[in-house]
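The values are calculated or read from the model by the stated rules, or taken from the named source; none is laboratory data. The structure displayed is predicted, hence computed values, not measured ones. No Cβ is skipped: glycine too gets one built from the backbone with ideal geometry, and neighbour counts run over all protein chains shown. SASA here: full protein model, heavy atoms, side chains in, ligands and nucleic acids out. Shrake-Rupley method; radii C 1.70, N 1.55, O 1.52, S 1.80 Å.
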Amino acid sequence: MNPFAPEIASDGLSGFLSLLLLLMSVASWTVIVYKTWFLRRVATDIAKGKAVFWQANVVSQAISALQSVDRHAVLTPLAQAQQQLMPNTLGAQGDIYAQRTRVLRDALHSVLQRLQWGQVLLATVGSTAPFVGLLGTVWGIYHALTGIATAGQLSIEQVAGPVGESLIMTAAGLGVALPAVLAFNVMGRMINRLEHDLEGFAHDVRAL
């Protein structure tokens, strides 16, 4: 049994970094699982919603049909945006085309903010987790070598054990970061496709 392993395990900074990596992993996987489910449902809602909206005879009927399939309300705010124009206000002054463009833009930005939820966390975990693991490795090696120097004896077993355990922190950091980076890139592409669909729908509604 490595005589310096208890010292490494009991070190406060190493324990904190290990807990931090665990929390980062749990948070990123929570976002990954939820957003995978959410974005797939949104993609289905957009496809169904556009179909039922343009098959209706009048706008009121189209909005009602859209609400029945738009489970996460990504298309409905765009379809209802023109109803948000309030008479006798500054927002209702000027060209009607500009008014509708403004309310549709605001509604679109609100929907896109919901689609972007969690992306910042994934980017943060992907960029910082390797450095957290590296810091744990550096501190663990320093702590182990300090213990070896204090013991006054040196052998390959005494060096290899503590250093090997410290390197696990680097591997843990990479293990936390890689899924977050991959998910960030994949979901970013999915969000871009959904954004194009929403922008096209908003443009068609404005023309209507």
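Just to be sure before I move on: is GLU165 under 17 Å from SER14 (Cβ atoms) and either modelled with pLDDT under 80 or acidic (Asp, Glu) (or both) in the structure I sent?
So GLU165 fits the description; yes.
Any residue at all in segment 171-179 that is closer than 30 Å to TYR142 by Cβ, open to solvent by 50 Å² or more (accessible area, probe 1.4 Å), in a helix (DSSP H, G or I) and in contact with a Leu (Cβ under 8 Å, 6 or more places away or on another chain)? No, because not a single residue in segment 171-179 is closer than 30 Å to TYR142 by Cβ, open to solvent by 50 Å² or more (accessible area, probe 1.4 Å), in a helix (DSSP H, G or I) and in contact with a Leu (Cβ under 8 Å, 6 or more places away or on another chain). Of all the residues in segment 64-105, those that are β-branched (Val, Ile, Thr), at pLDDT below 80 and open to solvent by less than 30 Å² (accessible area, probe 1.4 Å) number 0.
Among residues belonging to segment 108-118 that are touching a residue at least 12 places away in the same chain (Cβ under 8 Å) and open to solvent by 10 Å² or more (accessible area, probe 1.4 Å), point out the one that is nearest to the chain's Cα centre (by Cα). Taking the candidates together, the pick is GLY118. Can you confirm whether segment 51-63 contains a residue that is small (Gly, Ala, Ser), in contact with a Lys or Arg (Cβ under 9 Å, 6 or more places away or on another chain), surrounded by 13 or more Cβ atoms within 10 Å (Cβ to Cβ) and at pLDDT below 90? The answer is no, given that none of the residues of segment 51-63 is small (Gly, Ala, Ser), in contact with a Lys or Arg (Cβ under 9 Å, 6 or more places away or on another chain), surrounded by 13 or more Cβ atoms within 10 Å (Cβ to Cβ) and at pLDDT below 90.
Among the candidates LYS48, LYS35, which residue alone is open to solvent by less than 90 Å² (accessible area, probe 1.4 Å) and at pLDDT 85 or above? Going through LYS48, LYS35 in turn, just one is open to solvent by less than 90 Å² (accessible area, probe 1.4 Å) and at pLDDT 85 or above: LYS35.
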